[in-house]
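The structure appears right after this line, and notes come after that.
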Amino acid sequence: MGTDFDFDELAASFDRILPTWQPVTDRIGERLGPLAPGASVLDIACGTGEPGLTLRERDPGIRLLGVDAADTMVAAAARKAVARGLDGARFASMDSRKLDVEDGSVDAVVSRFGVLSFVPDPRAEAREVARVLRPGGTFAIAAWAAPTENLISYALVTGLREWLPPAIDAALRRQEQYAMPGRREAWLRDAGLTVNGETFGWPVEFADRDALWDFADDPVFLGPVAGHLDAERLAHVREVLLDLLDDYRGADGSYVLPYACRILWGAR
């Protein structure tokens, strides 16, 4: 994905958190609409294969290309496609800012928490989305809303802030800046696309404190800083996270966390 995070190391953990993002994948599909047999779909910064694989299952006739900067992610996505019998899907390693895809060759572009989220030059990603789409081609992209609406990551960063390596801290601050109202829409419009946008919310549930921490204490969230945490620091992070999220804890000890992201969709 072209960031300071080492996504190669995180690929094995992604499947564990994917179910919490399934409502976002479904919303991307709704905003994109049905895809005709033979349509070419490009999933940029696809990670381990979503939302592209779900779209391939929904619309079996499409031709899917998923791309990601991390070789391990691409390999994991390809294995999942084989396991699910999706022979119309292929995956390749590419930089989202300089795609090895012909101009105007794609019918639809999708991305979930990939483009317009991490790289230092998101405008280049927006231009690439516009470049590869054919005239009339469509896109649907999910990107995180304000950091406080990605509750687990926000709580973790609050507890970790003083120990964050400079490169990780810079990447997180970019995410905050990219989520400022209207910025992503402006980048896409400047690239020549028509753009619609909405804030999409969904609940994420955990049975108790241990289940919540077990989810948060994962390489997907802590991977970039795990090497900087001894037992005392990790205990501090856990305490901060549980304290910040205590208001979302019900009488039975379970949690319902309200999450939100931006869904952007439109056409060339």
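Any read-out appearing in this document is the output of simple, stated calculations on the displayed coordinates, not a laboratory observation. Because the structure is a prediction, the values reported are computed rather than measured. Here the Cβ is made from the backbone with ideal geometry for all residues, glycine too, and neighbour counts use every protein chain on show.
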Calculate, for Glu57 and Glu198, the FRET efficiency according to 1/(1 + (r/R0)^6) with r their C-beta to C-beta distance and R0 22 Å; round to the nearest 0.05.
0.35
So which GluC sites (Glu not before Pro) in region 93-168 pass both tests, a DSSP loop state and at most 15 other Cβ atoms within 10 Å of the Cβ?
Glu102
If unit charges are put on Cβ atoms (+1 for Lys and Arg, -1 for Asp and Glu) and the dipole of the chain is taken about its Cα centre, the option from Ala70, Val115, Leu42 lying farthest towards the positive end turns out to be Leu42
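Report the extension gain between Glu30 and Asp217 in nm, rounded to one decimal, defined as 0.36 nm multiplied by the number of residues separating them, less their alpha carbon distance. Before the final figure, lay out each step's value.
Values: separation 187, 0.36 × 187 = 67.32 nm, distance 3.20 nm.
Here the segment from Glu30 to Asp217 would lengthen by 64.1 nm.
Excluding Pro23 itself, calculate the net charge of residues whose Cβ lies under 13 Å from the Cβ of Pro23, where each Lys or Arg counts +1 and each Asp or Glu counts -1. Provide the component values of the computation, followed by the final result.
Working: positive: Arg27, Arg31, Arg112; negative: Asp26, Glu30, Glu50, Glu205.
After counting each charged neighbour, the total is -1.
Evaluate the charge dipole of the chain about its Cα centre and quote only its size in Debye, nearest 20, assuming +1 on the Cβ of each Lys and Arg and -1 on the Cβ of each Asp and Glu. Kindly include the intermediate steps, with their values, before the conclusion.
Numbers: 29 positive and 42 negative charges, 238 e Å.
With Lys and Arg at +1 and Asp and Glu at -1, about 1140 debye.
Expressed in whole Å with the largest first, what are the equivalent ellipsoid semi-axes of region 68-144 derived from the C-alpha gyration tensor as the square root of 5 times each eigenvalue? Don't skip to the answer; put the middle values down first.
On the way: eigenvalues 91, 52, 28 Å².
Semi-axis lengths for region 68-144 are 21, 16, 12 Å.
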So for the pair Ser93, Leu234, with labels modelled 7 Å out along Cα→Cβ, what separation do we get in nm?
3.0
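In terms of the ratio Rg/(2.2 N^0.38 Å) built on C-alpha atoms, what value belongs to region 197-268? Let's see the in-between values first.
Numbers: Rg = 15.7 Å, N = 72, 2.2 N^0.38 = 11.2 Å.
Ratio of Rg to 2.2 N^0.38 Å for region 197-268: 1.40.
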In Å, what Rg and Dmax follow from the Cα atoms of the chain?
18.4, 56
